[in-house]
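Notes follow the structure.
No value in this document is a laboratory result; all are computed from the given coordinates. What you are looking at is a predicted structure, and each value in this text was computed from that prediction instead of being measured. Note that each Cβ is placed from the backbone with ideal geometry, even for glycine, and that neighbours are counted across all protein chains shown.
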Amino acid sequence: MAELMAKSPAHGLTPVAVGGVTLSEAPMRPVWAVMPWRGKGAALSRALEQAHGLGFPEPGAMITSGQLGIAWSGLDQAFLMGVEPDAALAEHAALTDQSDAWTQLVLEGAAVRDVLARWVPVDLSPAACPPGSARRSLVGHMSALILHPGGDRFEVLVFRSMAGTAVHELTRAMRAVAAREAL
Amino acid sequence: MLIPCPLCGARDSREFTPKGHASYLDRPAEDAPPQAWNDYLHLRENPAGDTRELWFHGAGCGAWLVVERNTVSHAVTGARLAREVRDAG
């Protein structure tokens, strides 16, 4: 009988290391979209705090606590990561499982902002994007959620179907930045 | 061209899709006479100067915005969430 194997979206495509920047895929973890019903934002934030110790993040922000995180991911929407949401949250919000829908890539290295600047039309400098930031924007033509926990680490979430393109384009940018540094 | 999204900050226009004049928010009642629906669908101001338009921040936060801009100078002077504009009447 065939033995089925769980494959992550970027399976076999990463890691890639070029010129001091590494591109890898984060271990798969639960990702749930949490979208408050109209007028339930404050109640949801309290329920989140109670159940998981994390409130609902402000636009552009990410809150982390140990292995758990919640990142703002759009208008009235946040991604709860690392845990399945407590059933009590359903009273205040629509909860949808996004775990298999997103590719979670990790870019690390001193030149990581130069690499992302080739594709992302948002200022990711430390002044404009401090640790704990979450940005919805584009990577090339791909819609993306870009998380910055701190240091020289960025987590780039794109739709699962875009895993190949994302790895290809980010690798191209890594090569281009490394080539320029070598001049 | 940068659009000041109330949630995301100033963002490049490539993240947005324009819809048209903000009067799209003033939808006639369902049982309004055909003339009202005709006007709503087809008659639109096309000012040379300041105007208000609906823009969708599809590659960002997913919000519909009412953007104030000038069609002559291309200056963008403001943006608000469309639902706030609608709820404010």
(message) Just to be sure I understand the model, the point goes 7 Å from the Cα along the line to the Cβ. What's the resulting B:Asn46 to A:Glu181 distance in nm?
(response) 5.2
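Where the only charges are on Cβ atoms (+1 Lys, Arg; -1 Asp, Glu), what is the dipole of the range A:31-97 about its Cα centre, to the nearest 20 debye? Please list the in-between numbers first.
Numbers: 3 positive and 7 negative charges, 32 e Å.
Charge dipole of the range A:31-97: 160 debye, to the nearest 20.
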(message) If every alpha-carbon in the protein assembly as shown counts as one equal scatterer, what log10 I(q)/I(0) does Debye give at q = 0.10, 0.16 1/Å?
(response) -0.62, -1.23
(message) Using Cα springs under 10 Å in a Gaussian network model of chain A, which residue among A:Asp86, A:Asp152, A:Asp76 shows the largest mean-square fluctuation?
(response) A:Asp86
(request) Could you state the angle between the C-alpha long axis of helix A:163-182 and the longest principal axis of the C-alpha atoms of chain A, as a value from 0 to 90 degrees rounded to the nearest 10? (result) 50
(message) Once you place label points 7 Å from the Cα toward the Cβ at B:Phe56 and A:Ala6, how far apart are they in nm?
(response) 3.5
(request) Apply 1/(1 + (r/R0)^6) to the Cβ-Cβ distance of A:Arg46 and A:Ala26, taking R0 = 22 Å, and write down the FRET efficiency to the nearest 0.05. (result) 0.15
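What is the sum of charges around A:Thr96, taking Lys and Arg as +1, Asp and Glu as -1, for the other residues whose C-beta is under 14 Å from the C-beta of A:Thr96? Present the calculation step by step, with values, prior to reporting the outcome.
Values: positive: none; negative: A:Asp76, A:Glu84, A:Asp97, A:Asp100.
Summing Lys and Arg as +1 and Asp and Glu as -1 gives -4.
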(request) Spit out the partnerless Cys residues in chain B, using Cβ distances under 4.7 Å as the pairing rule. (result) B:Cys61
(request) Give me the angle, in degrees from 0 to 90, between the Cα long axis of helix A:41-52 and the longest principal axis of the Cα atoms of chain A, rounded to the nearest 10. (result) 80
(message) Within the range B:51-89, name every residue whose backbone N is under 20 Å away from a label modeled 7 Å from Cα of B:Ala36 along the Cβ vector.
(response) B:86-89
